[in-house]
Each structure stands twice: as C-alpha cells, then as structure tokens.
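Computed from the coordinates by the stated procedures, all read-outs in this text should not be read as laboratory data. Just so we're clear, the structure is a prediction, and the values are computed from it rather than from any experiment. Cβ placement follows ideal geometry from the backbone for every residue including glycine, while neighbour counts extend to all protein chains displayed.
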Amino acid sequence: MLEQHAVVLEDVLPLSLEKGQVDPARRGRLMLDNLALLKALLVMDDHLLMEDDNREAISSLETKIDLLLLLVGKGIQGLEPLPTSYSCALGAEDLYWETTSSAEFPHEHGPVCVALFLRPRIAMPLFLPGTLQMSVTQPEGSAETLSRYHLHFQLDARVQESLDRLIFRHHRRSIARQKDHHLSAE
C-alpha cells in the first residue's frame, strides 16, 4: 500500500462510501459526531488518566456520556450490518485502501464521504468527506487487477487534532509491540 505519511494507522477496517459533496449543515453534524467519537476513543485508550486531576476526570466522564448517548441514538435508529473490510492506511489527511473488486466504489475522481469504522465493535464510523482518486494496477504474476483508492479529506481543526493524536498513539503502540516481539524472539 502506498502511504504518503510517516505516521499512519494501518489495519483491516470496514468502510463504506457515499458519492457527492457533503452540504455544509450535514458536514457540521458529521464533524460533531467525529469529535465525540475520537475523544471517546482517546479516553478509552488513555490508561494514564490521573485521578487527582478532577478536570481531566470530568472531561473523561463527559466524553464517555457523549459516546453512550450517540451509541444509544444509533441503536434506536437501527444499526445496519457493518460494511466490507479493506486493508487501510489512515494518515493525517489521507486514507488509502485497495481491493480486487471495485464494484461498490466509483471509478471516476470526485467528491465523496467515506464512513470508516476505526473500532468495528463500537459500530460508529469516522466520517471523512473529501476527494477520491482511483487507479488500477495489475501486480506482477497475478491475473487479478487491483484497484487502489486514495481519499484526500479535510476535517475541522479540532477533529483533525484528535485524529492526529489517535494515529500517533496507535503508531507508538505498534512500535512498542514490535520491540516487545523482537525482544521475546531473542
């Protein structure tokens, strides 16, 4: 997979795509949902929460309550099954994925909104409105063609900051796991 960023979150993740430009009112709602989701994921990942710091504890509690309310709301609306998973690389402003079957994605370049499920068990996606580009390649020695997708997205500043923190934490944990694996193999 071709990534243009030094720090990326790589995983096999469910994603779906909606063609077309996102109108400003809907974009604002999506960014609020994104912010609540990312803050909750950061809190869930944060094992170093200081109990002495009341402000941090209250902020953590508010984030968990926001996430709970969003999940209940999604449950009431009726959750659909998760979309198909793809090998993804999520960077600061770009998402890359590839597939051998491109039937569910557009073949032309243009505006889209991708729903990316960072934690499939939570069943709440991160919404990434942006511009999609697609290329088709045929790996050497393979009869199958491979469709590669590149989404360049732009998020609101607060959402972008939270996403950057989440990606960096994931990257840091990945490096730590590699070191632990390397040390245990010796």
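Quick notes on this one:
- Length gained on full extension, ARG29 to LEU68: 12.3 nm, using 0.36 nm per residue less the C-alpha separation.
- One decimal place: the segment GLU18-ASP156 gains 47.7 nm when fully extended, by the rule 0.36 nm per residue minus the C-alpha distance.
- Two-site FRET efficiency, SER174 against ILE122, from Cβ-Cβ distance with R₀ of 35 Å, rounded to 0.05: 0.95
- Backbone amide hydrogens, once placed in the peptide plane, bring LEU17 within less than 5 Å of ALA115, excluding anything fewer than 5 places away on its chain.
- Couplings 3J(HN,Hα) of the stretch 156-172, computed from phi: 4, 4, 5, 5, 4, 4, 5, 5, 4, 5, 5, 5, 5, 4, 4, 4, 4 Hz, in residue order, whole Hz [Karplus 6.51 cos²θ - 1.76 cosθ + 1.60, θ = phi - 60°; x for Gly and Pro].
- Loop chymotrypsin sites (Phe, Trp or Tyr not before Pro), the stretch 127-160 (other Cβ atoms within 10 Å of the site Cβ: 13 or fewer; DSSP): none
- Looking at the stretch 112-186, the trypsin sites (Lys or Arg not before Pro) that sit in a DSSP loop and have at most 12 other Cβ atoms within 10 Å of their own Cβ are ARG121.
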